[in-house]
């Protein structure tokens, strides 16, 4: 690059800024370093190191002073305890390091003083309580289980609708709540046909209800309402369909126990052996080792239940368990993807150690549909 001429440099014009004559020297001073003087450089030990350094400099103090020596180094190491939060790392429950941004993670993925990534005591207590309610409703009076499912669906619809509203969608809540009641009731009294009819009527009510709020954002709002109708009440309706046959209690227990086995087996294997993340951009705590633990545990539990409670072939339990592990994992990742897209931590705060109820239903909802379809083939009623 051609060095700038004397006319282009600061201080190159004006009184007292004439270029140095040939043979000018630079005098040194402790404060400013080498300075020009007649006859050359004042210090033989610091001659110009390049042709650019030998360019004529303006006399006086108006021009730039050449910098000699090394450039100033970077600041020293930051004192201990002042490391920026963005550079801290934490050990995930799968054994991999990840940014220590626990405040931005969902409750089920937030560090809580151990590799579990959540408040393990609260999570176990809430899980056992929910399990006791479900089992009691199944064993004491089967319609009570339909009531438990319906109540969970209504809470889930409210949580998901609020989450979508935070993401600037406006799914109509009223027709979704009424449609959820209709779908679960029709599934219990009219079977699969009643569930489908209830779903279609709910979708119609959603698109018509949204018309009252004008055309702005109509498509995205109506589509988000249909998403809620599919995701929560429609999928939950398959759990009600599992209960309809005479051996419905065994079918529901097989479905729920296998999903719980997926959660427990995946959690244990992930904590002990997890090294390879499955989907780090969606759910950083999911590992392939944890998924292998889910599949193994599901196959064992499903084989035992299907063989002894439903008189299904042993290999049917293997197929059912593997399929349930896949559907439960997909459901978990799907809900995590929705939360990431909406920029929220959890769907709610109803359950300590879990987040919202939807954060517990995420793996159950798609698995209910898979369980209904597979059990209809492997253990016909």
re segment 144-230: pairs of Cα atoms spaced beyond 23 Å account for a percent value of 21
Two pseudo-spin positions, 7 Å from Cα along C-beta at residue 373 and at residue 168, lie apart in nanometres by 3.5
Using alpha carbons only: equivalent-ellipsoid semi-axes of segment 231-373, gyration tensor based, whole Å: 26, 19, 11
For segment 217-241 and segment 127-182, what is the separation of their C-alpha centers, rounded to whole Å? 12
Debye intensity ratio in log₁₀ form over the Cα atoms of segment 219-271, taken at each q of 0.19, 0.26 Å⁻¹: -0.76, -0.90
For labels at residue 330 and residue 268 in the simple 7 Å Cα→Cβ model, what's the distance in nm? 2.6
What is the distance, in nm, between label points placed 7 Å from the Cα along the Cα-to-Cβ direction at residue 281 and at residue 220? 2.1
How compact is segment 157-303 by the rule of thumb for globular proteins, expressed as Cα Rg over 2.2 N^0.38 Å? 1.31
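Each reported figure results from applying straightforward, stated rules to the coordinates on display, with no laboratory input. Predicted model only: the values in this text are computed from it and were never measured. Reconstructed Cβ throughout: ideal geometry from the backbone, glycine too, with neighbour counts over all protein chains shown.
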